[in-house]
Amino acid sequence: MPAPDPAAIRAANVEELYRLRLPLPPSTYPLVWEAGDEVELRAVGELEARAAILNVVLARSFGMPSRLAMAWLLDARLMERVTQPEWHYVTSGEGDDRSFALHLEAITALAWLLGLTKTLDPAAPSGDNLTTLLPDLRTGEPFPTWRSRSLVAPRDPSAAAAVLDLYYCLDWAYLEAERRNEELPGMIDSNAIGQRRWALEWAIVFRGRYHDEPVGWEDVDLST
């Protein structure tokens, strides 16, 4: 579908940053998309698979045995979707536990995109009930069983694009506020904002003259 007016979305999101008392990005801060571009979400199955994989990685960071994590992924037939860093972490614990634990906030954004949660509040951490919306790894809930019980209602791509632009601006604003040692508006920091932006950047696909084909999870560019 046609992407919304990028200038209007940016103006509204700058107002939201002002409301949150965060630093405002410069007027030259790039737009995420151009007028006339189209936008869509990745297939629901892709979103569900990524959320399920990150759920296993998160559980591994909190002590889930490697054997059980690998067995669940194999049974779910998701191994081919696991990235190399995730594979090394799940199988041998190679990597930083804290970095992988931060994926909780990426899962939060994916859950919002799938319609499993109502809001994606930039000042609040993930809800206490988030784990109940994901595959229950403690009981070994099969991936297909979780998919069948989840009341998935994917977000409108246009609305999702607006939230992506907000988090694109928030990413800059939180980092700048932390650099200035200014008070943040809530209980999360730039790491959480960056994780949510990561998930949104991966899940939302733009079509237009300046956009490349969708990239893999590890290839999402968060440098700007």
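Using 0.36 nm per residue and subtracting the Cα-Cα separation, the extra length available between residue 128 and residue 19 on full extension is 36.7 nm. Counting only protein heavy atoms and using a 1.4 Å probe, the accessible area of residue 221 comes to about 100 Å².
Under 14 Å from a point placed 7 Å out from the Cα of residue 31 along the Cα-to-Cβ direction: which residues of the range 190-224 have their backbone N that close? Within reach of a label on residue 31, which here means backbone N under 14 Å from a point 7 Å along Cα→Cβ, the range 190-224 contributes 207-211.
With the highest mean first, a sort of the peptides 30-38, 138-146, 197-205 on other beta-carbon atoms found within 10 angstrom per residue produces 197-205, 30-38, 138-146. Here the range 125-215 is assigned +1 on the Cβ of each Lys and Arg and -1 on the Cβ of each Asp and Glu. Its dipole about the Cα centre then comes out at about 360 debye. Tell me the angle of helix 190-203 to the major Cα principal axis of the chain, expressed in degrees between 0 and 90 and rounded to the nearest ten. Result, in degrees: 80. At a 1.4 Å probe radius, carbon and sulfur cover how many percent of the accessible area of the chain? Taking all protein chains in place, the chain shows 52 percent carbon and sulfur surface.
Subtracting the Cα-Cα distance of residue 75 and residue 191 from their residue separation scaled by 0.36 nm leaves 38.6 nm.
Surface exposure of the chain, expressed per residue as accessible area with a 1.4 Å probe, stands at 51 Å². For the chain, the longest principal axis of the Cα atoms and the long axis of helix 157-179 meet at an angle of about 80 degrees. For residue 2, the shell of other residues with beta-carbons less than 9 Å away shows a net charge of -2, using +1 for Lys and Arg and -1 for Asp and Glu. In the range 23-135, the C-alpha radius of gyration followed by the widest Cα-Cα span (Dmax) gives 16.5, 51 angstrom.
With a ≥ b ≥ c the root eigenvalues of the C-alpha gyration tensor of the chain, is it rounded (a/c under 1.5), prolate (a/b larger than b/c) or oblate? Because a/c hits 1.5 or more and a/b exceeds b/c, the chain counts as prolate. For the pair residue 149 and residue 92, a Förster radius of 30 Å applied to the C-beta separation gives a FRET efficiency near 0.40, rounded to the nearest 0.05. Residue 14 sits among other residues whose Cβ lies under 15 Å from its own Cβ, and their net charge, with Lys and Arg +1 and Asp and Glu -1, is -3.
Among 173-180, 5-12, how do they line up from the highest to the lowest mean number of other beta-carbon atoms within 10 Å?
Working: 173-180: 17.2, 5-12: 14.9.
Top to bottom by mean Cβ count within 10 Å: 173-180, 5-12.
Calculated mean residue ellipticity, 222 nm, the chain: -15500 deg cm²/dmol, from DSSP H runs (n ≥ 4) at -39500 (n - 2.57) each, averaged per residue and rounded to 500. With unit charges on the beta carbon (Lys/Arg positive, Asp/Glu negative), name the residue among 215, 39, 157 whose Cα is farthest towards the positive pole of the charge dipole of the chain. About the Cα centre, the residue reaching furthest to the positive side is 157. Assuming R0 = 35 Å, what is the FRET efficiency of residue 210 and residue 12, from their Cβ-Cβ distance, to the nearest 0.05? So, using R0 = 35 Å, E works out to roughly 0.95.
With both labels modelled 7 Å from their Cα along Cα-to-Cβ, the residue 224 to residue 84 distance reads 2.5 nm. Spacing of the modelled spin labels on residue 141 and residue 121, each 7 Å from Cα toward Cβ, amounts to 2.3 nm. Once the chain from residue 42 to residue 182 is taken as fully extended at 0.36 nm per residue, the excess over their C-alpha distance is 46.8 nm.
The values are calculated or read from the model by the stated rules, or taken from the named source; none is laboratory data. Values in this document were obtained by computation on a predicted structure and should not be read as measured data. Positions of Cβ are backbone-derived with ideal geometry, glycine not excepted, and every protein chain shown enters the neighbour counts. Surface accessibility is based on the protein's heavy atoms, side chains included, excluding ligands, DNA and RNA. Shrake-Rupley method; radii C 1.70, N 1.55, O 1.52, S 1.80 Å.
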